[in-house]
1. Within segment 423-438, can you find the residues that are closer than 14 Å to residue 384 by Cβ and modelled with pLDDT under 95?
2. Looking at 274, 197, 223, which one is in a strand (DSSP E or B), crowded, with 19+ Cβ neighbours inside 10 Å and at pLDDT 95 or above?
3. For the structure I just gave you, tell me whether residue 354 is β-branched (Val, Ile, Thr), in contact with a Pro (Cβ under 9 Å, 6 or more places away or on another chain) and modelled with pLDDT of 95 or more.
4. Of the residues 259, 263, only one is without any contact (Cβ under 8 Å) to a residue 40 or more places away in the chain, aromatic (Phe, Trp, Tyr) and touching a strand residue (DSSP E or B) at 6+ places or on another chain (Cβ under 9 Å); which?
5. Where residues in segment 161-194 are assigned to a helix (DSSP H, G or I), among the basic types (Lys, Arg) and more than 25 Å from residue 266 (Cα to Cα), which of them is most open to solvent (accessible area, probe 1.4 Å)?
6. For segment 110-125, which residues satisfy the criterion of being surrounded by fewer than 19 Cβ atoms within 10 Å (Cβ to Cβ) and among the aliphatic types (A, V, I, L, M)?
7. Step by step: first the residues of segment 63-105, then only those that are of a type in the set (A, V, I, L, M) and open to solvent by 20 Å² or more (accessible area, probe 1.4 Å), then the one that is nearest to residue 127 (Cα to Cα). Which residue is that?
8. With respect to the numbered conditions (1) without any contact (Cβ under 8 Å) to a residue 60 or more places away in the chain; (2) of a type in the set (Val, Ile, Thr); (3) farther than 24 Å from residue 175 by Cβ; (4) open to solvent by less than 40 Å² (accessible area, probe 1.4 Å), which one is the sole condition not fulfilled by residue 46?
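The values are calculated or read from the model by the stated rules, or taken from the named source; none is laboratory data. This one's a predicted model, so the numbers in the text were calculated from it and none came from an experiment. Every residue, glycine among them, receives a Cβ derived from its backbone with ideal geometry; neighbour counts consider all protein chains shown. When the accessible area is computed, the model is the full protein with side chains, heavy atoms only, and any ligands, DNA or RNA have been set aside. Shrake-Rupley method; radii C 1.70, N 1.55, O 1.52, S 1.80 Å.
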Amino acid sequence: MPVPQSVAFYTLGCKLNFSETSAIGRQFEERGFQKIPFEAGADLYVINTCSVTDHADRKCRKVVQQALKHNPEAFVAIVGCYAQLKPQEIAGIPGVSAVLGAAEKFQLVDLLADFRKPAAGEPGRVHASPIATATEFHAAHSFGDRTRTFLKVQDGCDYSCSFCTIPLARGGSRSGSIASVVARAKQLATSGVKEIVLTGVNLGDFGLQGPGRERREDFTGLVTALDGVSGIRRFRISSCEPNLLTDEILETVAASARFMPHFHLPLQSGSDKVLGLMRRRYRRAQYAGRVARIKELMPHACIGADVIVGFPGETDADFLDTYNFLNELPISYLHVFPYSERPDTLAPTLPGRVQDRVRHARTTQLRSLSEKKKRHFYEQHLGLETDVLFEDDVTGGRVEGFTPNYIRVAVKYDPLLVGETKTLRLAGVNASGLMEAEEVGILT
């Protein structure tokens, strides 16, 4: 195909997808492509898809349609988790030129010369190997406003949760080396990045490396090594399975000046019965123990949780178990999702399907609980003097930033605050749910 001169990207899904889109984008820029906004009518569109969000097919089709609206002659390439799971289905979407699987997406810029735009009515070309071939770890990081970046340190998963397609879409667990991650962190520091968020599919399983995926290192070692990177002001751990969040990791974070007291622990259900049906590798007592240990070491720590409601077999009593369990735990916020069926997983075959209206009602209840917990967590910190790292996030004349323990703060916009850290006193929660702050030394 004629080599395009401009490229635009669209990303669906998680922060890991965003970091990989950024990495692919840098490959194109290094080859002389001009990266332009989506609506500017690019010669090439790269759409990075997700299999976790609902209606992956519908969302992919809509983005393709919008890309072709901006340039009907554009070459459209689809990558990501959905591309690995349903390549032939995606290739049949009108306007799709190529579909690349998990092992091929980082080769897109090299493969372009072999592609051609299909004739009207022809499917796009599929370039997707079986997921077992996705054994190489590809480093990636997002890069936006130069304040915070999402750094991919691990990919894939060896777990077999009954609701999840990620192992089918991304393959087995694999990682970069500690030395390579530290080198990238140091490089990011020279670019002006103030905060790095470590991302992966199953971060706590960090350490499997090489073609044979041998366990050479571990996550504790990575945290310890990164703690010595002086050029980065803050590190955060994006998410970690409760059964893999060891005392050693917690003690290292608690003693660190750079790792923030902020943890995201996927729960999925507060019912041991449902956890068993989900094939999770812990039960509620272990989860509660991890939360208690975090609070013992870091009383001000922010703890988030993922929860799935309406899983097959979840009765009203099971949901009440989950609600009461979360209500009693010192959790700071929840990410709540109604269960949705995923092809090629075990869960849809289980008995006890929960009606959609019940799933959504339970979702509403837990999201309301999340708002109450978040506000309570914020109010516990009123009067505290703490550092706020401000981002390039300005809304209605207010600039926003985060405390170490992930309280979102809004103050009057000042361009000198962007990308900087300022010590402020937390003064009150506003109607939008953001923390207001004031200069230290000013009396109310």
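1. Residue satisfying the conditions is 438 alone.
2. From the options 274, 197, 223, the qualifying one is 197.
3. So residue 354 fits the description; yes.
4. None of the other options fit; the residue is 259.
5. 186
6. 111, 113, 119, 120, listed by residue number.
7. 103
8. (1)
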